[in-house]
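First up is the structure itself, then whatever we jot down about it.
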Ligand SMILES: [Zn+2]
């Protein structure tokens, strides 16, 4: 199977593969085979018409990318997808009412069937807005069948997917001294040796913010023994700083850890985690809307610490990554400009990296996806911006500021067209 995208501005988001102001991208058997630049980025190199002859066989599917931007598929590194049945239905209330009222009302009512429907619908909407991978931090794991239902939904949707096996919040696990459910090991066994596939597993743990010390230590050791990387919420305004310090003092920090929020973590804690090669996800819109704290994006950018972006919850955040990038761009750009130069980390290519390669790294899958380079999976978006870009740098900014589901011409996952009925 061969597919060719011609004449597009190609933003590779990959340090080893140069961007192409005008270029062609060839996909063979689901992987990127070749990216060929046709211009030097100045915009005055004429687009040649023989690309199909040079690059593709006559049988190849050809997408005319003229006037379009090709970018890696976007990655939502943190969302509780089971909550997506109620988009923006929790306005003007914060985390207190969410835990005290919304969760007790809705979490026990989730069934495997309803979880399948919600997850399937949310993943399809995510794909339509350019998101090719979602890390689903699922705390609606009321039974093992719930987890199976979410995995079935992911398989059905065609999305790339990481299922974070969380503690069932409906059963009172948050803040309790019960160990993480034993189904974690059953779940992990399903993925034994299959972490290279489109659907992967992780442990979604309570960590020091939401469980007592003996419990979080055991949970972490169990996840490691089961061969699962792990994600945990740390240091929101509700809990304050200290979790990363506690993990550091326990000698447990490591590259298999992903920290979500860290809004109230100190600069020292951010550095400690980064030095241990732990990963960060900052779902900035949800943090601001629910009062979880100030997104630590400026502090991370100032220290050169990479981060991923995420939706967190459709209850309090638009479920597309273009919105998340716009919020991040504004937050980072709020830092002082020095000598007329924009603040550290505010270049639009850095913002797009937070939803592509850095997000793939935060989900331990950057060897497979997150950038456009030879050999990587053909997970990508073809976007038609408001006007054709005149430079590569302009194209990065256009992705952030004019990116929208309505402007997407094509989404590929493993080289497969996910929106066959999109306008073209
Ligand atoms: Zn969350």
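Evaluating residue 94 against the criteria (1) away from the ligand (no atom under 14 Å from the Cβ); (2) surrounded by fewer than 17 Cβ atoms within 10 Å (Cβ to Cβ) leaves one unmet condition, (1). Restricted to the stretch 157-167, and to residues there that are touching a residue at least 40 places away in the same chain (Cβ under 8 Å) and in contact with a helix residue (DSSP H, G or I) (Cβ under 6 Å, 6 or more places away or on another chain), the residue that is surrounded by the fewest Cβ atoms within 10 Å (Cβ to Cβ) is 159. Is it the case that residue 184 is within 18 Å of the chain's Cα centre (by Cα) and assigned to a helix (DSSP H, G or I)? The answer is no for residue 184. The number of residues in the stretch 282-308 that are away from the ligand (no atom under 16 Å from the Cβ) and under 17 Å from the mean Cα position of the chain (by Cα) comes to 3. Here residue 197 clears all of (1) touching a strand residue (DSSP E or B) at 6+ places or on another chain (Cβ under 8 Å); (2) part of a loop (DSSP other than H, G, I, E, B) except the condition numbered (1).
Going by what's in this entry, would residue 254 be described as outside any helix (DSSP H, G or I), over 22 Å from residue 92 (Cβ atoms) and in the same structural domain as residue 189 (by TED's automatic domain parsing)? The answer is yes for residue 254.
Table: residues versus (1) in a strand (DSSP E or B); (2) in contact with a helix residue (DSSP H, G or I) (Cβ under 9 Å, 6 or more places away or on another chain).
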residue	(1), (2)
232	yes, yes
236	no, yes
260	yes, no
265	no, yes
270	no, yes
274	no, yes
285	no, yes
306	no, yes
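Of the helices (runs of 4 or more DSSP H) lying entirely inside the stretch 309-363, those containing at least 1 residues that are in contact (Cβ under 8 Å) with a residue 60 or more places away in the chain and within 16 Å of the ligand (Cβ to nearest atom) are 321-333, 357-362. When residue 148 is tested against the conditions (1) modelled with pLDDT of 95 or more; (2) out of contact with any helix residue (DSSP H, G or I) (no Cβ under 6 Å at 6 or more places or on another chain); (3) surrounded by fewer than 24 Cβ atoms within 10 Å (Cβ to Cβ), the lone failure is (1). Determine if the stretch 177-185 includes at least one residue that is surrounded by fewer than 18 Cβ atoms within 10 Å (Cβ to Cβ) and touching a residue at least 60 places away in the same chain (Cβ under 8 Å). Within the stretch 177-185, not a single residue is surrounded by fewer than 18 Cβ atoms within 10 Å (Cβ to Cβ) and touching a residue at least 60 places away in the same chain (Cβ under 8 Å).
The values are calculated or read from the model by the stated rules, or taken from the named source; none is laboratory data. Keep in mind it's a predicted model, so treat the numbers as computed, not measured. Every residue, glycine as well, gets a Cβ built from its backbone with ideal geometry; the counts of neighbours run over all protein chains shown.
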